[in-house]
Amino acid sequence: MLFLVLKFVHILSAILAVGFNAAYGLLIGRARRGGLDGREMAFALKTVKLMDDRIANPCYLLLGITGVSMVIVQGYAWSYTWIHASLALLVIVAVLGLAFYTPTLRRQIDVLQSSGASDPEFARLSTRGAILGSVIGVIVIVIVALMVYKPS
C-alpha cells in the first residue's frame, strides 16, 4: 500500500513538474508576440517565476524524495545503473535550475523592468534562459525514460 501511495505521488509530481516546465515556453512565446511595451513579457516572466518557485521546483524535490523512498520500499538494488543515472541527472537538473535558470529568470525580469524588452542584455538573458530551459527539458525527458524503461 505504501508503495502505491509513493508511486501515485511520484507520478503526480512528475506530471506537474514537467507540465509546468513545458508551459514556460508557451507563456514566453506568446508574450513575445504581445508587443514591444513589455507588459505581456513582464507578466509572463513573473508567472513563470511563480510557477517555478511554488510548483515545479517543489515537485522536483518531491520526485527525489519519493523516488528514493520507492527504491527502499520496493527493495530495488542500489546497484542498478538506471537508479544512479536518474538520481545523478536529477541533481544536475536541480543545480542547473537553482544555480543558473532561476538567477537568469530573476535578472531577466529586472532588466525588462529597468531597461525594457529592446535592451541587448534582455535579449542575451532571453537566449540564455531558452537554452537552459531546453537543456533541462532534455535531461528531464531522459530521466522519465529511465524511470519508465528501467534499462539494466
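The values are calculated or read from the model by the stated rules, or taken from the named source; none is laboratory data. Remember, it's a predicted structure, so these values are computed and weren't measured experimentally. A quick note on method: Cβ atoms are made from the backbone with ideal geometry, for glycine too, and the neighbour counts reach across all protein chains shown. Ligands, DNA and RNA are excluded from the accessible area calculation, which covers all protein heavy atoms including side chains. Shrake-Rupley method; radii C 1.70, N 1.55, O 1.52, S 1.80 Å.
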GLY67 vs (1) touching a His at 6+ places or on another chain (Cβ under 8 Å); (2) on the phi > 0 side of the Ramachandran plot; (3) of a type outside the set (A, V, I, L, M, F, W, C): all pass except (2)
*asked:* Going by what's in this entry, would VAL95 be described as assigned to a helix (DSSP H, G or I), surrounded by fewer than 12 Cβ atoms within 10 Å (Cβ to Cβ) and at negative phi?
replied: yes
By residue number, the members of region 34-56 that are in contact (Cβ under 8 Å) with a residue 40 or more places away in the chain, surrounded by 16 or more Cβ atoms within 10 Å (Cβ to Cβ) and among the charged types (D, E, K, R) are LYS49, ASP52
Note: among ALA31, ALA77, just one is at pLDDT below 95, part of a helix (DSSP H, G or I) and open to solvent by less than 70 Å² (accessible area, probe 1.4 Å), namely ALA31
Exactly one of VAL48, VAL68 is under 17 Å from PHE3 (Cβ atoms), in a helix (DSSP H, G or I) and not aromatic (Phe, Trp, Tyr), and that residue is VAL68
Per the filter on region 14-28, residues touching a Gly at 6+ places or on another chain (Cβ under 9 Å), open to solvent by 30 Å² or more (accessible area, probe 1.4 Å) and of a type outside the set (A, V, I, L, M, F, W, C) are ASN21, GLY25
Flagged in region 104-133 as within 16 Å of ALA44 (Cα to Cα), free of Cβ contacts under 8 Å to residues at least 60 places away in the same chain, open to solvent by 50 Å² or more (accessible area, probe 1.4 Å) and not small (Gly, Ala, Ser), in numbering order, are ARG106, ARG107, ASP110, THR127
Checking LEU12, LEU62, LEU16 in turn, the sole residue that is touching a Cys at 6+ places or on another chain (Cβ under 6 Å) and in a helix (DSSP H, G or I) turns out to be LEU16
